[in-house]
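Please treat every number below as a calculation from the coordinates, not as lab data. Note that the coordinates shown come from a computational prediction; the quantities given were computed from them, not determined experimentally. Cβ atoms come from the backbone with ideal geometry, glycine included; neighbour counts cover every protein chain shown.
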């Protein structure tokens, strides 16, 4: 125990110790945190569906119809009518982008990434190589490690380097995996170029569109719709606890591949299925995402993003706003110490913005990860910009609050 205490102390000294804050209200821009009312800019609830009364009511209805839990894995007795309906609707929703689409629902995005990567490696374990984007999410990194396949990492958004790696690889089973929207930078993967080099080299392409599903595209079909891509061989992963507002994730691909994942994915076979009520609520979320109302929410989100970027350009100082066109708006500050101080200063102003530190992001690029929601107002964004401006001016003058 002494060694653990020492290591915990070292984390605190290095500014790397993680703490949790307790919320007492539903996910929303205005939230009670540790008994204080705060204006939050750190949720991934991009469309504001997490507390939407229609989704909440659907959740209640699902619990009344199916009970509180599933009772077993999908392969035993836990695959309910609600799960089946959700998978059917997800496949229909994505069918305009993926030919002969079939969907498979998972408890989490972490489990979905683990399932698809390990299952593809199982197609030819002795001759597989994975090509992973340099800033991929931790769930992808862990999936690659657990697959035990050879892995080559290509530089961020560098599809030309990826092409070189693919062409010189001797692997028969080549697997490329990338985030769609990168969670810490907010930029978008060059999907068409990735598809081109994968087609030229016979590689699989897995896209983790956790932060794109529901947000990008006219109807919210994510990065595939954003780039007007219809492709039969892309493997698409979308999460349902962010823009969809509830929980879980899904993989959408051609029918044979989904069947293979069901047969081989340990993270699917050997875990209790998510509560059916969750799947039932997601049917309402999916309907809202694809509706005219969903389009209006995305349009408002785009307006807020533009407003925030314009406001940040008026702030003088050493901070760097990355060139993201998505609701993820990272403000790079630099050191872990400086970003933690900025986050605490915003907290004192009633603004809840999370500091992201190394090693989650590269050393020297610690940042405030600001996320916008369609339930934010223009006044909310103005308040955030005013708070950031106040802190930046103090930093520039050398005054430390």
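Residue order for 36, 389, 357, 313, fewest other beta carbons within 10 angstrom first, comes to 313, 36, 389, 357. Between 0 and 90 degrees, the angle of helix 276-289 with respect to the longest Cα principal axis of the chain falls at about 70 degrees. Would you compute the Debye intensity of region 1-78 from its alpha-carbon atoms alone, equal scatterers and no solvent, and pass along log10 I(q)/I(0) at q = 0.11, 0.16, 0.26 Å⁻¹ to two decimals? Log10 of I(q)/I(0), two decimals: -0.60, -0.86, -1.14. In region 67-289, the alpha-carbon atoms span a convex hull of 104 Å³ per residue. Size estimate for region 102-178 follows the Kirkwood approach: the inverse of mean 1/r over distinct Cα pairs works out to 12.8 Å. Entry note, the chain: relative contact order of 22 percent, from Cα contacts under 8 Å with a spacing of 6+ residues.
What separates the Cα centres of region 101-123 and region 294-341 is a distance of 32 Å. Seen against the Cα atoms of the chain and their longest principal axis, helix 336-348 is set at about 70 degrees. Quick one: angle between helix 2-13 and the longest Cα principal axis of the chain, in degrees between 0 and 90, rounded to 10, please. Taking the Cα atoms of the chain, the angle to 2-13 is about 60 degrees. Eigenvalues of the alpha-carbon gyration tensor of the chain, scaled by 5 and square-rooted, set the equivalent ellipsoid semi-axes at 34, 26, 22 angstrom, largest first.
Over region 307-401, the reciprocal of the mean inverse Cα-Cα separation, the Kirkwood hydrodynamic radius, stands at 13.4 Å.
For region 2-145, the equivalent ellipsoid built from the Cα gyration tensor has semi-axes of 32, 29, 17 Å, listed from largest to smallest. The mean sequence distance of close C-alpha pairs (under 8 Å, at least 6 residues apart), as a share of the length of region 67-289, puts its relative contact order at 31 percent.
In this label model, residue 88 and residue 193 are separated by 4.2 nm, measuring between points 7 Å along each Cα→Cβ vector. Of all DSSP beta bridges confined to the chain, the antiparallel ones make up roughly 55%.
Listed by Cβ neighbour count within 10 Å, with the fewest neighbours leading, 61, 395, 13, 133 appear as 13, 61, 395, 133.
Residue order for 74, 231, fewest other beta carbons within 10 angstrom first, comes to 231, 74.
Our analysis of region 35-106 gives Rg over Rh at 1.08, with the two radii drawn from alpha carbon positions and Rh computed by the Kirkwood formula. Per-residue ellipticity at 222 nm computed for the chain from its helices equals -13500 deg cm²/dmol, with DSSP H segments shorter than 4 residues left out and the rest contributing -39,500 (n - 2.57).
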